Amino acid sequence: MAVSYKDLGLVNTREMCKKAMEGGYAVPAYNFNNMEQLQAIIKGCGESGSPVILQVSKGARDYANATLLRSLGKGAVDMARESGYDIPIALHLDHGDTFETCAACIDSGFSSVMIDGSHHSYEDNIALTKKVVEYAKGFDVTVEGELGVLAGIEDDVVAAESVYTQPEEVEDFVGKTGVDSLAISIGTSHGAFKFTPAQCTKNEEGVLVPPPLRFDILEQIEKRIPGFSIVLHGASSVLMKYVDMINQFGGSLDAAVGIPAEQLRKAAKSAVCKINVDSDGRLALTAMIRKVFAEKPGEFDPRKYLGPARDELALMIIDKNKNVLGSAGRY
Ligand code: G3H
Ligand code: 13P
Ligand code: ZN
């Protein structure tokens, strides 16, 4: 039997994005795969008073079990309310690849879905996205589409280079599909290795500085679809604090590079209303788990290493909401 997200206490992303557009900030969309990540997201966003989009990828559904994840999403709303957090919470499918997956999520209580047809031809992307929008409409579920391809790994598809979004296509795409928001490609990419060292310059401290995002493309897009919600994927900063901790405590992450915080701040003030962050959370958790293992080699109670990792993730989220996305206190 279909479950409505409204009965689960969730909201779709329409109002959140509208407020973010008017307020000059971006709503964080944090990925989760397990209970500790979800607890940290709710605590971090609750404590900082930020609206939040809980994101579930295809990989997360396979890993954690789709039914359990949806129940976790519902549990997250209950936990937030019982903790006194009055923040709006959306449950969103990240990078849905087929109509069937999107429909299954909509039927099971998701309040928002992404249909990522960006690897298809332009015409097929429109047809697939439109089909999802038409289905979602009946449930008042919001739909995110994508135009352009991010470099790196996206849904098991590896693209060597970014295919930037073509501003000439956005009006037509948005008009023909009826999507609520559009993910664009302006130089971000998924994962912790967003740029090769050859693409970067080095600053005085020897730190790799990546090429700037293509704000010129973003501006052209904004001119063509004024006031329309834009989404930035692959937007982790790859915080050096965590990369260094991982390397210090036995890991090996060389040449990890992300999107500098100033560029994300600039994007958040524009029509970018939703910013996706997964890798930064993974790095924070891994750094703290490695630290505990290195300092307490006899520890084998998962709560003793997952607990500190969860606390670190909540702190990272608070900092991001306050100092990068500007979503803190905007609920
Ligand atoms: O955009 C991709 C997200 O980071 C999710 O990654 O497919 O490994 O769960 P995943
Ligand atoms: P990062 O890998 O930069 O965290 O991007 C996550 C993302 O775009 C999820 O859809
Ligand atoms: Zn993504």
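The values are calculated or read from the model by the stated rules, or taken from the named source; none is laboratory data. Treat the numbers as computed from the prediction; the structure is a model and nothing was measured. When we count neighbours, we look across all protein chains shown, and the Cβ atoms used for this are built from the backbone with ideal geometry, even at glycine. The area values use the complete protein model at the heavy-atom level, side chains included, leaving out ligands, DNA and RNA. Shrake-Rupley method; radii C 1.70, N 1.55, O 1.52, S 1.80 Å.
Figures for the structure shown
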| read-out | value |
| --- | --- |
| Condition broken by Tyr331, with the remaining ones in (1) at pLDDT 95 or above; (2) open to solvent by 70 Å² or more (accessible area, probe 1.4 Å); (3) in contact with a Ser or Thr (Cβ under 9 Å, 6 or more places away or on another chain) satisfied | (1) |
| Qualifying helices (runs of 4 or more DSSP H) (wholly inside the range 224-297; at least 1 residues being in contact (Cβ under 8 Å) with a residue 60 or more places away in the chain, away from ligand 2 (no atom under 16 Å from the Cβ) and within 20 Å of the chain's Cα centre (by Cα)) | 261-269 |
| Selection within the range 135-154 - assigned to a helix (DSSP H, G or I) and either open to solvent by 10 Å² or more (accessible area, probe 1.4 Å) or touching a Pro at 6+ places or on another chain (Cβ under 8 Å) (or both) | Tyr135, Lys137 |
| Single residue of Ile230, Ile217, Ile221, Ile246 found to be within 14 Å of ligand 3 (Cβ to nearest atom), aliphatic (A, V, I, L, M) and out of contact with any Asp or Glu (no Cβ under 7 Å at 6 or more places or on another chain) | Ile230 |
| Single residue of the range 174-192 satisfying the filter (over 17 Å from Leu232 (Cβ atoms) and not β-branched (Val, Ile, Thr)) that is least open to solvent (accessible area, probe 1.4 Å) | Gly178 |
| Unmet criterion (only one of (1) within 16 Å of ligand 3 (Cβ to nearest atom); (2) open to solvent by less than 60 Å² (accessible area, probe 1.4 Å)) for Arg282 | (2) |
| Some residue of the range 121-128 being within 16 Å of ligand 1 (Cβ to nearest atom) and of a type in the set (Asp, Glu) | no |
| Scope the range 95-134; condition within 16 Å of ligand 2 (Cβ to nearest atom) and in a helix (DSSP H, G or I); matching residues | Thr101, Cys102, Cys105 |
| Complete set of residues in the range 262-319 that are among the hydroxyl-bearing types (Ser, Thr, Tyr) and closer than 23 Å to Val56 by Cβ | Ser279, Thr286 |
| Qualifying residue in the range 289-304 (condition: open to solvent by 30 Å² or more (accessible area, probe 1.4 Å) and within 28 Å of Ala198 (Cβ to Cβ)) | no |
| Filtered residues of the range 296-331 (kept if under 20 Å from Leu54 (Cα atoms) and of a type in the set (Ser, Thr, Tyr)) | Ser327, Tyr331 |
| Subset of the range 202-224 that is under 22 Å from Gln166 (Cβ atoms) and among the β-branched types (Val, Ile, Thr) - its residue that is surrounded by the most Cβ atoms within 10 Å (Cβ to Cβ) | Ile221 |
| Residue match in the range 252-262 (condition: away from ligand 1 (no atom under 16 Å from the Cβ) and among the polar types (S, T, N, Q)) | yes |
| Residue match in the range 67-90 (condition: open to solvent by less than 10 Å² (accessible area, probe 1.4 Å), within 16 Å of ligand 1 (Cβ to nearest atom) and modelled with pLDDT under 95) | yes |
| Subset of the range 19-51 (residues that are free of Cβ contacts under 8 Å to residues at least 40 places away in the same chain and under 19 Å from Val113 (Cα atoms)) | Asn33, Leu38 |
| Exclusive hit being farther than 30 Å from Ile225 by Cβ, in contact with a strand residue (DSSP E or B) (Cβ under 9 Å, 6 or more places away or on another chain) and away from ligand 3 (no atom under 16 Å from the Cβ), set Ala287, Ala256 | Ala256 |
| Residue within the range 193-201 that is under 30 Å from Tyr5 (Cα atoms), open to solvent by 20 Å² or more (accessible area, probe 1.4 Å) and either assigned to a loop (DSSP other than H, G, I, E, B) or more than 16 Å from ligand 1 (Cβ to nearest atom) (or both) present | no |
